[in-house]
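The values are calculated or read from the model by the stated rules, or taken from the named source; none is laboratory data. Since the structure is predicted, the reported quantities are computational estimates derived from the model, not experimental observations. Cβ sites come from the backbone with ideal geometry, for glycine too, and all protein chains shown count toward neighbours.
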Amino acid sequence: MLFWENSGAMGFHSMLVLVTCVGVMLRAIMAAAAIAYPLALPNCSDSCGDVKIPYPFGTTEGCYRKESRDFFIICSKSYDQPQPMSRDLPVTNISIEGEMDILMHYSVSCYNQ
């Protein structure tokens, strides 16, 4: 027989204690999950404007992956708000998995031949 199957006040109080303990544990787990861990290396900026810059990308020397300059993000201040740039292309998003979204202009020329 389980303790909450007891009849009377003792069973009710035991169940109330159990529910309270579960609630406290869930709050602790949710609080731990909500802690924001830094995306960048220590002493490195983890954002440029509204875009988060997670490692292996970085905006200063020593803050991006050393093996390739492709991970270097320029935080351009020549716009209304800082704009992350990869070479000459504006960066709109960088995922924690290391994928980067950029804006590219393209044009199409059609010829009747």
Q) Taking the range 91-113 as the search range and keeping residues that are surrounded by 10 or more Cβ atoms within 10 Å (Cβ to Cβ), within 17 Å of R65 (Cα to Cα) and within 12 Å of the chain's Cα centre (by Cα), which one is modelled with the highest pLDDT? A) I94
Q | Leading residue by the ranking (farthest from E99 (Cα to Cα)) among those in the range 47-82 that are in contact with a strand residue (DSSP E or B) (Cβ under 6 Å, 6 or more places away or on another chain) and either among the acidic types (D, E) or outside any loop (DSSP other than H, G, I, E, B) (or both) | A | S76
**Q.** Residue count, the range 25-46 (criterion: modelled with pLDDT of 90 or more and either part of a strand (DSSP E or B) or of a type in the set (S, T, Y) (or both))
**A.** 1
**Q.** Test set (1) surrounded by fewer than 16 Cβ atoms within 10 Å (Cβ to Cβ); (2) modelled with pLDDT under 90 - D50 fails condition number
**A.** (2)
